[in-house]
Every structure is written in structure tokens, then in C-alpha cells.
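Each value in this text was obtained by applying a stated rule to the coordinates, not by laboratory testing. For clarity, every value in this text was computed on a predicted model and none was experimentally measured. Cβ sites come from the backbone with ideal geometry, for glycine too, and all protein chains shown count toward neighbours.
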Amino acid sequence: MKSVEELKAIREKALKEISIRENENKTRIVVGMATCGIAAGARPVMNAFVEELNKRNIKDVNVTMTGCVGICRLEPIAEVYEANGEKTTYVKLDAEKARRIVAEHIVNHKPVMEFTIGAAEK
Amino acid sequence: MIYRSHILICNGTGCVSSKAPAIMEKLQELLAANGIEKEVKIVKTGCFGLCEKGPILVIYPEGATYCRVSVDDVEEIVNEHLIKGRIVKRLLLGDPNVEDVSKSRDNVGFFAKQVRVALRNCGVINPENIEEYIARDGYAALAKAVTEMTPAEVIAEVKKSDIRGRGGAGFPTGMKWQFAAQQVSDQKYVCCNADEGDPGAFMDRSILEGDPHSVLEAMAIAGYAIGANQGYIYVRAEYPIAVQRLNIAIKQAREYGLLGKNIFGTDFNFDIEIRLGAGAFVCGEETALMTSIEGKRGEPRTRPPFPAVKGLWEKPTILNNVETYANIPMIILKGADWFSSIGTEKSKGTKVFAIGGKINNTGLVEIPMGTTLREVIYDIGGGIPNGKKFKAAQTGGPSGGCIPASHLDTPIDYDNLIALGSMMGSGGLIVMDEDTCMVDIAKFFLEFTVDESCGKCPPCRVGTKRMYEILDRITQGKGEEGDIEKLEILAESIKQGALCGLGQTAPNPILSTLRYFRDEYEAHVKEKKCPAGVCKAMLNFEIIADKCKGCSLCAKKCPVGAISGEIKKPFVISKEKCIKCGVCMESCKFAAIVKK
């Protein structure tokens, strides 16, 4: 170790890897991973969330799974819970849509209205 | 690599012996079978502290804490939690009805009252991965010390924090460092005492197993402060996992240039080597420890000169305990004021206790100084099993003493414990219930000291042996008038005459049990009775004729055939044949057998 900067660089990189173990005041993206969700393609959706967050170096968002939400026909479903309590439900997702949710909702704080349950049920 | 989920599994000695490695293997196997081995990461971590409920496994990002996990539970955890995202509630630690799973363990008293400074990384990081330590601000304190502070400033900060040695005596760490720094010498040494010898204490082992880098970092900071370039960790060979993790940690620190030459591009050089101890209790005494590192027989010598003046190989040396070191990086990073805001007026910071004995939550806890014994035993420790009454707690191991129920509300700090006739020691806390005989306990600790006395000075070598003989006689029902007084005289002379701390404190268990439970000693000597019903020589098992139904169960269970009688008539125990094992009493369904 030749400099403090070097230590900081390692810290940043490693912090990204272990940030999953912190869950205070974090936004959570919860993906429905029951049989219905998995069958409809929830797994690539979840992986897309994880990859996109990592690519963009976002550490304050955790991706978790949940069971069946009850509206199996709209799977894959993911819900975004913000630290302030706001909840947005997205339906009929795929990997591409997941990446857009990260870009627009998580990064720019603008929910992607066209993927929400409200839009799908109109 | 980024994973969607991390499974942290305790790999401390406690959980390893309750099959954590087999659970890990099964996890790996099932992750691969389900094709999710690239999504879920298995992380070996250090002790969570709740050894009683081990093996413990925490799954993130949910933060679900599973306890007493067995190999058979792994399949359910993988299928339910990892594949379907459903929490396996039956294995959850704490309240399963709490909506936010990560909060369920906050309701567990064991965790709620703890403040983790020395144990900050235990159960959070993988101790075999230096980068995880760095992610948690590891080595940032060393960086700050060597690039922004002078050695004098480092010492001033440690002095200002008021941290006192966590190994037993409670000497102010900053003063120790200053004495060594003031010495002019071509060579100085930094040593770490990891020769944890108190029966029942295992906090140093857990820190070395769960967060070895914190000790390495602190030793390097100490080296910078006093002007030393070489450190030694003296650790007992009975701690194989700790030794292995230390070796890995030292190797990684060298690879990353955090040990070695020109650390952080400065002209500060520091390296650390491990020395294995053979497990002698006396080698936890500072002068004996250094003699042992030098390759000689581990015997203490007189002080002064103190090690800060003439220590290892006659060079100025500082020796601190593992837990003390684990606090140092936090003091440098967060500042002395932060540290001294925790604790009481004269005892700052936190202390780790290993709670054992008659207590529900056996394990490791870190509490702010000034927490009362009652909070530790009842709120954190979960109270005494089987509804028994608390009798006393032994702190400080064989050098300490007992604290009776009347002092349960005393805030725990260095000075209060000394005033009660005990001591902080390294932090072993053995809880005793009403079924414990205090004379027997004193005998137990003295037997340990007799065994571990190095034999160099007569007060310890001969004195503790004589005290043990008297205690043995008392517990055999052969105590004589004047024995208690003899014990007191011997205890005082050993305290004054012994060469090292081990001998000087060896009479403490007797003195403190005498102070609080003199009536029990008197009952043994004068009435030849053991009030707690422990000392076998004074026990008699008897069958109460009125209650005995003559079922013959006890006679069948008796291993020596001491019970006889006719079916449906009261049975009798032969006093000559009885070996007082108590099996009959346990087997009797009518509570017809009593011990007197």
C-alpha cells in the first residue's frame, strides 16, 4: 500500500460488494419469486436489477424476493419501496424493463408510469 | 462479483463444533444443484455472540437471522428463502411475527442492549478477506495515524480516550504506550497477549477468529506510536482456527503492503509474527509471556523493570490484550471524545463478556461500561434456566471473585468490581444458581491455580497447595475448627508475597466467597453440612417411607445395587453401598427420595 488513495479505492470497490449487508434507510426492490413469477420469467428480471444497480454503482438499494402477490396473470411483478414509504408496483416485467426502472425510477426518481399496475389495468 | 444475496454463516469455534462446515458444504451443493451459485454468495464470518443458539446463519439483503440450523434444514432454506423468497419462520431468531424480518432480532434482548465496538466486525465480514475489512473502514486508522498524525499525537489521543487494558488489570493503555515511547533504544517491540487462559473466557479467540485485521492494524498503530518495527502475537496453540485466520490475515496484510516496509509511502516499517503458546496459564502474565516468546521456560520475573523499559530481549516493549487492540482503530478514527462518551466516569468504552454457567443465553456480549450485572444476566443473558434462583456470578476467572445477588444492581466497571472484591479480569462471567456450593467453587478455581502455578515462588507454589488441601478437607466433611481462619491468613500472605499477578490474585476466589458466603463455610466445618447439597461426602440420600410406593424403579436404576426392598413396600438405601450419584432421586416419580 503506497498511498491513502489506494486504500480508498479498495474500500470503494469492496464496499459495493458488502453493501447488501446494510439495510437501514434503503430503497428496496422486491421481486415476486413464487412459482408463477419464476415461470413468467422473474429470475432474469431480478438479475437485471442486480446487474444494473451494480453497473451504476448504486449502493443504497437492495433487491429482495417475495412470494406470490396474488395477481399471477401480471407476473413478473416487482415493487419499489422507497425509504420514505412510497411504494410503486410494476407488472409484466422483463430484463429490459427492469433496467429502465433503475435508470428512470431509481436514478432520476421518476417512476416509469407505463409499467405500473395502474397502467396495465386501464 | 456482485451477488443478489449473501449467506453469512458463523465460523467461530462454537458454531464450527456444532457443524457449521457441514451446513456450508450442503449449501454449496444445493446452490449448485439449483443453478443459483452465481447469484448467492456464501460468506464465512466470525462469532455473532449467541453461541447458545448456534449454528447461526444470516441471509442478506433481508437480514433474516436463522438459529440452531441443522444440515437437514438447509434444503428448506434454499428452496423457500433463496428460490422463492419466503422466510423460513420456524428457524428465525426472535419474533417471527415482526413484518420486517431484519428487525426480528432487534427484539431479542440479547442483541438490543449491546454496543459493539471491539466486536464491530464479528459476524459482519469474512475474516479471511482483507477487502471486506477495508470496506468497513479497516486500515483507515493506520493510514490516518502514519500520514496525518505524529507518534506523540497518537499517544495523546489514546491517553485522552482513557481506555484501560481489557486483559485484566485495567492499566491505562495510553500511559503504557507513553512509557515505552519515552525510552531511547535501537529496537522496541509491540506484543499482543492472546494467551486467553481464564476458564470460560473466549472473547479474544472470537475477535481473532472474526476480525483478525483489527488487531494487526492496532499493533501497527502502536508500533508507529512508540517507535517499534516488530510485533509479536502470542496466541495459544489450542486456538487453531484463530491461529489459521491470523496467519491468513498477516499474509494478506503483507501482500497489500499494510505490513512491511514504507507503509502508505512513509518511512514507517512494521511487521508481525506469531508465537504459539503451549497453554500455560502463567504465560498470560506479561513477563512470563515475554520470557516464553524468547524461547525460554515461561516463568515470570520481578518488576520493575517494567516491560516498557526492559521487556522482550531486554528492549522496551508494550504488551496489550487482543480486545484492547480491537478498540484502538476506532479511537483513532472516531476520536477519543467519541470513545470516552461511552461508559462511566472512570471506565470508558465497552467491555466484552463471555457469559457462561447457569444462564440461558450462553455467549459473547459487548456492553457499555456501567451496565448493571442484572441487565447482563436477565435482559441479555435471558436469566437462569429452570426457574432457579441466582446465587452469584464469578468475574475475572481464577483471579477474580464472586458477586452475590445483593450486588446485582452495581454498575459494572473496573473500580466497582474491585470494591466488591472481584475484578474485571478478561471478561469471563460465570453465573451460578442456588444449587452451587460456594466452597466447592472456590476449590474448583484453586485447583486450577495449583495446577497452573509455575512453581517459581514459594507463596504461590506452596501456599496455594496448602489452601487447596484445606478446602478439600472442608468439602470432604473433615474441616477442623480454625480452618477458615487459616485460609484467611494464608490468603493474605500469598497476596502480599507472590511474585506475579497469578499468585497475588490466586486467593481471591476464597476471599470473596468467604466475604459473602461465610455461613456456607461454617456449615461445612461446624455442622458437616453442605447447604447447596453439592459436596458428596456430606450428602445422604434417603427414601421417605410415607411417599415411597415401592415401585422398585430406583432399585433398578441404581448402578451399585444399593437400594433394596419389597414391591409395594417402602424401599431403603444402604448408606454403605451408596455412591451418591443421585440417579435414584432423578428417577423417582413420587419425589420420595431426598438428599440431606
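A few comments on the model shown:
- Sorted by Cβ density within 10 Å, fewest first, the residues B:SER5, B:SER406: B:SER406, B:SER5
- Using C-alpha pairs under 8 Å with a sequence gap of at least 6, the mean separation divided by the residue count of chain B gives a relative contact order of 12 percent.
- Debye, to nearest 20: dipole size of chain B, +1 on Lys, Arg Cβ, -1 on Asp, Glu Cβ: 1500
- Its Kirkwood hydrodynamic radius, worked out from the mean inverse distance over all distinct Cα pairs, puts the stretch B:1-147 at 16.0 Å.
- Compared with the dominant Cα axis of chain B, that is its longest principal axis, helix B:438-452 is turned about 50°.
- Bridge orientation summary for chain B: considering DSSP beta bridges with both residues in this region, about 55 percent are antiparallel.
- Between the listed residues A:THR35, A:PHE49, A:THR88, the Cα displaced farthest toward the positive end of the dipole of the stretch A:27-93, a dipole computed from Cβ unit charges relative to the Cα centre, is found at A:THR35.
- Helix B:20-33 axis versus longest C-alpha principal axis of chain B: approximately 60°, rounded to the nearest ten.
- Taking amide H positions as modeled 1.01 Å from N, with prolines and chain starts lacking one, no residue 5 or more places away or on another chain lies under 5 Å from B:GLU39.
- Within the protein assembly as shown, antiparallel bridges make up roughly 55 percent of the DSSP beta bridges whose residues both belong there.
- Per-residue Cβ neighbour rank within 10 angstrom, fewest leading, B:MET438, A:MET1, B:MET585: B:MET585, A:MET1, B:MET438
- Counting Cα-Cα pairs of the protein assembly as shown in 20 Å increments starting at 0 gives whole-percent bin shares of 16, 41, 30, 12, 1.
- Chymotrypsin sites (Phe, Trp or Tyr not before Pro) restricted to DSSP loop in the stretch A:22-122 with at most 15 other C-beta within 10 Å: none
- Computed on the stretch B:1-136, with alpha-carbon pairs under 8 angstrom and 6+ residues apart, the relative contact order is 26 percent.
- Restriction of the GluC sites (Glu not before Pro) in the stretch B:505-596 to DSSP coil positions whose beta-carbon has at most 15 other beta-carbons within 10 angstrom yields B:GLU527, B:GLU566, B:GLU576.
- Beyond 24 Å in Cα-Cα separation lie the following of the pairs A:LYS59/B:LYS103; B:LYS388/B:LYS595; B:LYS528/B:LYS568; A:LYS92/A:LYS122: B:LYS528/B:LYS568.
- Normalised by 2.2 N^0.38 Å, where N is the number of residues, the C-alpha radius of gyration of the stretch A:23-120 stands at 0.96.
- Computed from Cα positions, the angle between helix A:42-55 and the longest principal axis of chain A comes to roughly 30 degrees.
- This ranking places A:LEU7, B:LEU511 by how few other beta-carbon atoms lie within 10 Å of each, fewest first, which gives B:LEU511, A:LEU7.
- Chain B: Cα Rg divided by the 2.2 N^0.38 Å rule of thumb: 1.07
- With K and R counted +1 and D and E -1, the other residues having a Cβ less than 10 Å from that of B:ALA498 yield a net charge of +3.
- Relative intensity, log₁₀ I(q)/I(0), of the stretch B:373-523 from a Debye sum that treats every alpha carbon as a point, q = 0.21 Å⁻¹: -1.31
- Shown in residue order for the stretch B:405-421 are the 3J(HN,Hα) couplings computed by the Karplus curve 6.51 cos²θ - 1.76 cosθ + 1.60 at θ = phi - 60°: 4, 5, 10, 4, 9, 6, x, 7, 8, 3, 6, 5, 5, 5, 4, 7, x Hz (x for Gly and Pro).
- DSSP-assigned coil residues among GluC sites (Glu not before Pro) in the stretch B:320-406, each with at most 12 further Cβ atoms within 10 Å: B:GLU345
- Taken one residue at a time, the phi angles of the stretch B:166-179 give Karplus couplings (6.51, -1.76, 1.60, θ = phi - 60°) of 8, x, x, 6, x, 6, x, 4, x, 5, 4, 5, 5, 4 Hz. Gly and Pro are set to x.
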